[in-house]
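Rule-based calculations on the coordinates, nothing more; no lab input. Remember, it's a predicted structure, so these values are computed and weren't measured experimentally. Here the Cβ positions follow ideal geometry from the backbone for every residue, glycine too, while neighbour counts run over all protein chains shown.
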Amino acid sequence: MSSANKTIRIGRIDFTNVWPLFYYFPYERLQQEVELVTQVPTQLNAAMAAGEVDIGPISSFAYGENFEQYLLLPDMSVSAFGNVKSILLFHRKPLSELGGASIALPTTSASSVNLLKIILRRFYQVEPDYHYSPPLLNEMMQSSDAALLIGDHAIRESWKEHSWMVTDLAEEWLKWTGHWMSFAVCAIRRQVVEQQPALVARIYQAFMESKHKSLSDLTALVQEARQQIGGTEAYWHDYFSTLTYEFGSEQQAGLQLYYRYAWEHGFLNKEVQIQLWNDNLLTQVTE
């Protein structure tokens, strides 16, 4: 970026799980200063790393890959303590029997794919054969022993009748570690913080407004989710209420453990430091 007055590009994941961060975001107030870009997580991860997007709820794993370039906005994540309902492994046999099995992975996620690899390798001592596939469950399972789906694809399939076993990865993570799992964090490029600190602060406040308004009354989000995706009012109330959009010490501790395991198993090539944006100072979180 060459100008301190350049428009800040905000990335939005095209999944319901981030709706509360964006649903009431006051675009009209910032429309001359921000641009919104909607993508799936893997696209947004790449765009952030390339400097094409400045702020966004990226996969937690993507922050780990490029954490030197980013700061994390406090009080913003997509986290779960137990069931997340939208990160699901569909499988024909128990997890302990998936050694050498064929597992189809979605091309839309990084955090969930590596969480699955950590769980199977570290806790079950199995090493499957992974391959990527479009997120279509029936097609994935025709040629595989298991399939991972995330986001709205996972939600839709969880409502259908089928004979496969289903494992919620956040529930599995909690069972083995006792920790939260943060699937997405809201990152901002350090360069943008240095060049446009006042605008960054206003964007952060706008996100906080949207989050608080969304979660204080879920009615609008629930109705829109039913219209766009289907399902019952009770399901979506439970879904948005179960997810946590905070990023406090408990969520940070769970994510730090995830990063440590990812590094120990070679999925990340360095140990990750969680660094938070806080107006004019950096707060480094250490274990």
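What pairs from Lys160/Lys211; Lys85/Lys175; Lys175/Lys211 go past 20 Å between their alpha carbons? Listed pairs above 20 Å: Lys160/Lys211; Lys175/Lys211. Between Asp152, Asp75, Asp129, which gets the highest mean-square fluctuation from a Gaussian network model of the chain, Cα cutoff 10 Å? It is Asp129.
Residue ranges 63-71, 83-91 sort as 83-91, 63-71 when ordered by packing (mean number of other C-beta atoms within 10 Å per residue, highest first).
As a length-normalised measure over Cα pairs under 8 Å and 6 or more apart, the relative contact order of segment 87-177 settles at 46 percent. Report the Stokes-Einstein translational diffusion coefficient (µm² s⁻¹, integer) for segment 87-177, Rh taken as the Kirkwood radius over Cα pairs, at 37 °C with viscosity 0.692 mPa s. Translational D for this selection: 255 µm²/s. How much of the calculated P(r) for segment 50-121 lies past 16 Å, in percent of all Cα pairs? The proportion of pairs with Cα distances above 16 Å equals 60 percent. Each 10 Å bin from 0 upward holds the following percent of the Cα-Cα pairs of segment 1-88: 15, 47, 32, 5, 1.
Short-range pairs are left out: with C-alpha atoms under 8 Å and at least six residues apart, the relative contact order of the chain is 28 percent. Segment 120-172 has equivalent-ellipsoid semi-axes of 19, 15, 11 Å, by the square roots of 5 times the alpha carbon gyration tensor eigenvalues, sorted largest first. Each Cα pair of segment 1-147 feeds into the Kirkwood radius, which the Stokes-Einstein equation turns, at 25 °C and 0.890 mPa s, into a diffusion coefficient of 142 µm²/s. For the pair Asp217 and Ser249, what calculated FRET efficiency results from E = 1/(1 + (r/R0)^6), where r is the Cβ-Cβ distance and R0 = 45 Å, to the nearest 0.05? Using R0 = 45 Å, I get an efficiency of 0.95. Distance distribution P(r), the chain, all Cα-Cα pairs, bin width 10 angstrom from 0: 6, 29, 36, 22, 7, 1 percent.
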